[in-house]
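Worksheet for the structure shown next.
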Amino acid sequence: ATEEFQTKLTDLEKAHGRDSAKFRVERQKLALAVQKHVLPKYGFQGDSKGVLDMMQAFNPFNDDEEFGRNGLVLNQLLRLSDAPGETRDTARDEAHQEVEDE
C-alpha cells in the first residue's frame, strides 16, 4: 500500500467515518482505481466483476496459513473488519454488491 493510497484512505475515513456506507463505497472506488490496472495482468477484468472473480479464485487457498496472514494484513491496510472470517466475507460481499450495481 503506497503512502498516497493510505493518505487518501485516511482522508475518506475522517470525512465519512469508518463504519459508514459512504466510506465503504469510496474505499471501494479508491481500491478499484488501483485494481483496474493490476487485475488484467493476472487475467481478470479490471472492474468490480474482476475483483469478485479474483476473490473467488482465492478460495482454494483459504486454508493456507501464509495466505491467511497476508490476507489479514491486506484487509487491515484496506480498513476492513478486524475479524478474520468476517473480513473475507465483508470484502466479498462488497465486491458482489458493486457487480450488481453496475
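Read-outs throughout are calculated quantities, based only on the coordinates presented, and are distinct from any laboratory measurement. Since we're looking at a predicted model, the values are computed, not measured. FYI the Cβ positions are ideal-geometry reconstructions off the backbone, even for glycines, and counts take in every protein chain you see.
Of all residues in region 32-44, those being more than 21 Å from Leu9 (Cβ to Cβ) and surrounded by 15 or more Cβ atoms within 10 Å (Cβ to Cβ) number 1.
So, in region 1-31, of the ones that are among the hydrophobic types (A, V, I, L, M, F, W, C) and more than 15 Å from Leu74 (Cβ to Cβ), which residue ends up surrounded by the fewest Cβ atoms within 10 Å (Cβ to Cβ)? Among residues in region 1-31 that are among the hydrophobic types (A, V, I, L, M, F, W, C) and more than 15 Å from Leu74 (Cβ to Cβ), the one surrounded by the fewest Cβ atoms within 10 Å (Cβ to Cβ) is Ala21.
Look at region 1-19: where a residue is under 13 Å from Leu80 (Cα atoms) and a partner is in a helix (DSSP H, G or I), sitting 6+ places away or on another chain with Cβ atoms under 7 Å, you get Leu9/Arg27; Leu9/Leu30; Glu13/Phe23; Gly17/Phe23.
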